[in-house]
Amino acid sequence: MSRETPFLTQAQAGAIAQAHGTPCYVYDQGRLEAQADAMLAFPAAFGLTVRFAMKACPSAAVLRLLHRKGLHIDASSGWEVRRAIRAGFEPARISLSTQELPADIAELLALGIEVNACSLHQLGRIGAAAPGRAVGLRFNPGRGSGGTGKTNVGGSDSSFGIWHEWSAEAAALAARHRLRVTRIHTHIGSGSDPAVWQAVSESSLALVARFPEVVALNLGGGYKVARMEGEKGTDPQVVGLPVRAAFERFAAEHGRRLRLEIEPGTFLVANAGAVLARVVDVVRTDTRTFVKLDSGMTEILRPSLYGAQHPVALWPAADRGRAPTVVVGHCCESGDLVTCAPGESETLAPRDLPVVAPGDLAVIGGAGAYCAAMSAKNYNSFPEAPEVLLGVDGQVRLIRRRQTLDQMLANESVPGDL
Ligand code: LLP
């Protein structure tokens, strides 16, 4: 099967479209489990915890499936913590690293979740809410790397984590609240350069050395995947082996056997998900052919936001040859462009694709991460799309129904005098 058609056969796509309509997210259980296995085999010298960065795809069925594989959770808000608990995760398996510490943090900590303080202010609030407890510190290691500037979260221009030169201040503040610092956390970006990730991972051990009670180092997520033909993904074995060796050296020097934590989102789910859509129109100008889908930024925002590249398969009912084609979404927004240039969300980048007609099916691949979770949902009042899970037994199960108009309007109210 080519990259253009991630895992769905044309027959499966047709059956899903018939049963659930389009647009529809489709996740592949086999791929989700295989990716989880690949991460559970991450080289680790003294124990490993794999946390799913649930922001990538927080649907309950996906959470359940990864829970069953033995994964833990990286939550990025109090809401995600509550959502993971509702999906069946034990609080002890949930770690919170957030830009906005929730107002009910004392209650969440009392449930038994773990937390990484991501700023000195947060550390003070955690100390006030739960003095004496164990806490992690998220540091900005001074260097970052992401697939784009918008996905780089390390270095001087990033607001994520405690600046690495302020470890003494962090230690003093923790001591003032009798907090025990038992974990160090770094995460430098998404779609990171594996070499930078590896270098930062090794240098993060220097931060651990400054905190004698630390028993675990969390190296975040960011493991790049190959969505498009010719792209190169991160091999966990390749980036992990030198890090394992660094943990072993650290143990020999300091007599401390650190547990490794990682928290991938993209790696686990990106290529296990696709958006199944239909062609609704084909329009031409003097220079371009545009194929319009019944999907777009309402289901997949990454091209508009990052100039992200996703494979698009078009399945014509009959062979009519191929042509340079610009694929666009259904929103009244020229930025609703699926085939943009890499890193340039405004630049049209035609692809050589089969000639299609309204009614033909289309599949956007690499859409398991940050698509259902991060879209312009309800823009133009299009309803939230359904999600289905393609089981290892070949069965298709609905895991989220399509939103109805009533659900979309449920929380609105109109003052009596209007
Ligand atoms: N850990 C922390 C603390 C994070 O902030 C993130 C992602 C992850 C782990 C997971 O990173 P991943 O393995 O998925 O790269 N929305 C973007 C990426 C930004 C994600 C922000 N944090 C995207 O569509 O690629």
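The values are calculated or read from the model by the stated rules, or taken from the named source; none is laboratory data. Bear in mind the structure is a predicted one, so any value in this text is a computation, not a measurement. Counting neighbours? That spans all protein chains shown, and the Cβs are built from the backbone with ideal geometry, glycine included. To get the accessible areas, we keep the full protein, side chains included, count just its heavy atoms, and leave off ligands, DNA and RNA. Shrake-Rupley method; radii C 1.70, N 1.55, O 1.52, S 1.80 Å.
Descriptive notes on the structure:
- Residue satisfying all of: in segment 156-198; in a strand (DSSP E or B) and charged (D, E, K, R); farthest from Thr98 (Cα to Cα) among these: Arg180
- Pairs are defined by a Cβ separation below 6 Å, a sequence spacing of at least 6 or placement on different chains, a first member in segment 358-374 that is on the phi > 0 side of the Ramachandran plot, and a second member that is within 16 Å of the ligand (Cβ to nearest atom) and open to solvent by less than 10 Å² (accessible area, probe 1.4 Å); the pairs so defined are Gly366/Ala270; Gly366/His310; Tyr370/Ala56.
- Within segment 357-384, the residues that satisfy the criterion of being over 18 Å from the mean Cα position of the chain (by Cα) and not in a helix (DSSP H, G or I) are Ala357, Pro358, Gly359, Asp360, Leu361, Ala362, Val363, Asn378, Phe382, Pro383, Glu384.
- Residue match in segment 163-171 (condition: within 13 Å of the ligand (Cβ to nearest atom) and either open to solvent by less than 50 Å² (accessible area, probe 1.4 Å) or over 25 Å from Ala369 (Cα atoms) (or both)): no
- The listed residue being on the phi < 0 side of the Ramachandran plot, surrounded by fewer than 19 Cβ atoms within 10 Å (Cβ to Cβ) and within 12 Å of the ligand (Cβ to nearest atom), out of Ser192, Ser203, Ser158: Ser158
- Of all residues in segment 297-327, those satisfying the criterion of being open to solvent by less than 20 Å² (accessible area, probe 1.4 Å) and more than 16 Å from the ligand (Cβ to nearest atom) are Val312, Ala313, Leu314, Thr325, Val326, Val327.
- Breaking point among (1) part of a loop (DSSP other than H, G, I, E, B); (2) farther than 22 Å from Glu202 by Cβ; (3) open to solvent by 70 Å² or more (accessible area, probe 1.4 Å), for Lys150: (1)
- Whichever residue in segment 265-278 is more than 16 Å from Pro311 (Cβ to Cβ) and outside any helix (DSSP H, G or I) and, among such residues, is farthest from the ligand (Cβ to nearest atom): Arg278
- Complete set of residues in segment 280-292 that are over 27 Å from the mean Cα position of the chain (by Cα) and either under 28 Å from Arg302 (Cβ atoms) or assigned to a helix (DSSP H, G or I) (or both): Val280, Asp281, Val282, Val283, Arg284, Thr285, Thr287, Arg288, Thr289, Phe290, Val291
- If the condition is being closer than 23 Å to Ile162 by Cβ and more than 16 Å from the ligand (Cβ to nearest atom), then segment 206-233 contributes Ala206, Val208, Ala209, Arg210, Phe211, Pro212, Glu213, Val214, Val215.
- For segment 125-147, filtered to residues that are out of contact with any strand residue (DSSP E or B) (no Cβ under 9 Å at 6 or more places or on another chain) and within 16 Å of the ligand (Cβ to nearest atom), the residue that is farthest from Asp104 (Cα to Cα) is Arg143.
- Sole residue being out of contact with any Pro (no Cβ under 8 Å at 6 or more places or on another chain), in a helix (DSSP H, G or I) and charged (D, E, K, R), chosen from Glu231, Glu253, Glu202: Glu253
- Qualifying residue in segment 55-65 (condition: open to solvent by less than 10 Å² (accessible area, probe 1.4 Å), farther than 20 Å from Asp28 by Cβ and within 16 Å of the ligand (Cβ to nearest atom)): no
- Scan of segment 89-128 for residues that are touching a residue at least 60 places away in the same chain (Cβ under 8 Å), farther than 17 Å from Trp166 by Cα and open to solvent by less than 30 Å² (accessible area, probe 1.4 Å), ordered by number: Ser95, Ser97
- Residues in segment 257-296 that are open to solvent by less than 40 Å² (accessible area, probe 1.4 Å), among the charged types (D, E, K, R) and more than 30 Å from Asp352 (Cα to Cα): Glu261, Glu263.
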